[in-house]
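What follows is a set of notes on a single structure, which appears directly below.
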Amino acid sequence: MVRPAKGAILGYKPEPPPTDLPASAQRYLDQELHRISGVLQAVLAQLTALAPLPMQVSVLFEVIRSSRVLALAPTMTEPPTPTEPELIYVDGTGWDPGSGKGYYYWNGMVWSPLG
């Protein structure tokens with residue numbers, strides 16, 4: 001689950017692995033998810049210190065897209081109460097924030113397309 005983290009533009013806190021998995025699989029999955037969380041936190045900390053928000057979001061988008069760490073389900077309707085910053089993937093059929101199908105982030109006022 002992706003959640004905002006204090007002092008970061010975006011954070012990742014892994015949920016516990018399913019309890020119906022063997023204990024060794026649970027431990028492995030838990031370790032890997034925490035390792036991914038640590039890498040994302042390090043990247044986000046560097047971005048926060050070095051770049052303005054639109055650039056941070058663009059770089060983060062490229063990291064996510066290239067690593068396939070985070071998959072976003074298509075959004076077909078406008079989120080009722082977006083929070084800054086929020087990253088979504090729009091399918092462009094039920095709702096189009098302006099540039100059709102693609103990734104967008106909420107900058108506090110409007111949905112801005114990425115890539």
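Taken together, the values in this text are just the output of simple stated rules run on the coordinates, not laboratory data. Quick caveat, the model's predicted, so the values are computed rather than measured. Reconstructed Cβ throughout: ideal geometry from the backbone, glycine too, with neighbour counts over all protein chains shown.
What does a probe at Met76 reach in the stretch 95-115, counting residues whose amide N is under 11 Å from the point 7 Å along Cα→Cβ?
95
What is the gain in length, in nm to one decimal, between Lys101 and Lys13 on full extension, counting 0.36 nm per residue of separation less the C-alpha to C-alpha distance?
Full extension from Lys101 to Lys13 adds 28.9 nm.
For the residues Asp91, Asp20, what sequence is obtained by ranking on other C-beta atoms within 10 Å, fewest first?
The order, fewest Cβ neighbours first, is Asp20, Asp91.
Using label points projected 7 Å from each Cα along Cα→Cβ, tell me how many nm separate Gln26 and Ala45, to one decimal.
3.0 nm
Under 13 Å from the Cβ of Met76, count the other residues' Cβ atoms, weight Lys and Arg +1, Asp and Glu -1, and hand me the total.
Residues close to Met76 contribute a combined charge of -2.
From the square roots a ≥ b ≥ c of the eigenvalues of the alpha-carbon gyration tensor of the stretch 72-115, which class results: rounded (a/c under 1.5), prolate (a/b over b/c), or oblate?
Prolate shape, in that a/c is at least 1.5 and a/b is the bigger ratio.
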